[in-house]
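The values are calculated or read from the model by the stated rules, or taken from the named source; none is laboratory data. Model, not experiment: these values are computed from the prediction. Glycine also receives a Cβ, built like all others from the backbone with ideal geometry; neighbour counts cover every protein chain displayed.
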Amino acid sequence: MRGSYVICMDKEFNIKIKQVLFLVFLLALIMVAVYELFAYLPGMLGAITLYILSRENYFQLIYKKRWKKGWAAMIFVLYYLLLLGLPIFLAVTLIAPKINTIINDPAAMLSGVKSAFSVVQQKFGFNFTSEKSISNAVEKITTMLPSLFNSSANLVANLVIMLFLLYYMLFSGSSMEKLLFKIIPLKDENTKLLATETKTTIKSNAIGIPLIALIQGVTAAIGYLIFGVKDVALWGFLSGVFSILPVIGSMAIWVPLCIYLYATGNTSMAIGLTLYSAIVTSNIDYFARLSIMKKMGDVHPVITMLGIIVGLGLFGFIGLIFGPLLVNYIIVLFGIYMNEFVEKPEGMVEAFNEKVADIPIES
């Protein structure tokens, strides 16, 4: 009897060893794959973002209007190709000629920057920086600019991967979600909470942040047009892009423009643009964030700000969406941990259950 028990224990131990070795090997393969595909991580994360934004409308076409899966998925792919291709085309059209001019004639840019700094320093009565520092800064910028053209190939590759993955994620969306729901090792209510928080945060940032950037870019461009800034479309576009950055925002664009107007003798225009940007452009950003982000998902501004800082460093531009999600996950997973493994007062249990009670299990 004892011998059979020992044999049984040995078999169970051998199975556990095989299981551990198999998991180690599997994790090693996954790490190798992730390492090699890291350059295309933005495209993969982008596909997840677009899938979450599209899934409800896609399922309506499939299950209510009885569309074929392939055709419905292809329509969404074409829609996003146009939607994402337009700002990329606009950026290339507006920025590429300026970059070419700087690369072909860096001396003209250096002369213009030195002249502007010289006038400003004379008017204010003290030196902000030396000519050597200005020359070094301009030289660094001109050496970095060609890399922007080289990165365009990576951008196109990520766009192709994103749309390619989106097609198959939509095509197999229902079975994929059922599999994820099955393999996530959490209680059903916690899995539902995780899914809901993911959807809320991604929708809030994927729609809210570009919309806020558009509003602030247009508002800034109107100010540039009123106060005589050249290349209104370019500076308005850059103001919208920089408005995404926390704390600094569009000030990175309009403050240098105001200084430039002042340095070139347009004092009244510089004062007017400063007042317009400080009062109108900055406040429209505040009210847009307050209203749009609240309506989209009520994600706390601190989570958004910290998430953007973390996400930009980890994932690049797509980190604007997944950075806040990462920070929000920390909070949600802590709550799930407390619910799964830690005994809580009855009040905490009831509060948590109220939060997840109305979350439906989506097919």
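Can you tell me which of TYR35, TYR5 is at negative phi, among the aromatic types (Phe, Trp, Tyr) and either surrounded by 10 or more Cβ atoms within 10 Å (Cβ to Cβ) or modelled with pLDDT under 75 (or both)?
TYR5
Where residues in the range 174-200 are in contact with a Ser or Thr (Cβ under 9 Å, 6 or more places away or on another chain) and in a helix (DSSP H, G or I), which of them is farthest from MET74 (Cα to Cα)?
Out of the qualifying residues, it is PHE181.
Mind checking which residues of the range 246-289 are free of Cβ contacts under 8 Å to residues at least 24 places away in the same chain and aromatic (Phe, Trp, Tyr)?
Result: TYR286, PHE287.
Could you look through the range 222-265, keep only residues that are farther than 23 Å from LEU312 by Cβ and of a type in the set (Ser, Thr, Tyr), and pick out the one that is surrounded by the fewest Cβ atoms within 10 Å (Cβ to Cβ)?
Across the range 222-265, the extreme among qualifying residues is THR264.
If THR196 satisfies every condition in (1) surrounded by 17 or more Cβ atoms within 10 Å (Cβ to Cβ); (2) free of Cβ contacts under 8 Å to residues at least 12 places away in the same chain but one, which is the exception?
Just one mismatch for THR196, condition (2).
Can you name every residue in the range 24-75 that is among the basic types (Lys, Arg) and not in a helix (DSSP H, G or I)?
LYS65, ARG66, LYS68
Assess whether LYS199 counts as being under 30 Å from ILE331 (Cβ atoms) and among the basic types (Lys, Arg).
So LYS199 passes the test.
In the range 261-288, how many are under 15 Å from LYS230 (Cα atoms) and within 31 Å of the chain's Cα centre (by Cα)?
1
Could you list, in sequence order, all residues of the range 38-80 that are buried (at least 18 other Cβ atoms within 10 Å of the Cβ) and of a type in the set (S, T, N, Q)?
Within the range 38-80, THR49, SER54 qualify.
Conditions (1) of a type in the set (Lys, Arg); (2) at pLDDT below 80; (3) more than 29 Å from SER239 (Cα to Cα); (4) within 18 Å of the chain's Cα centre (by Cα), marked per residue:
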position	(1), (2), (3), (4)
LEU148	no, yes, no, no
PHE171	no, no, yes, no
ASN190	no, yes, yes, no
THR200	no, yes, no, yes
ASN205	no, yes, no, yes
LEU211	no, no, no, yes
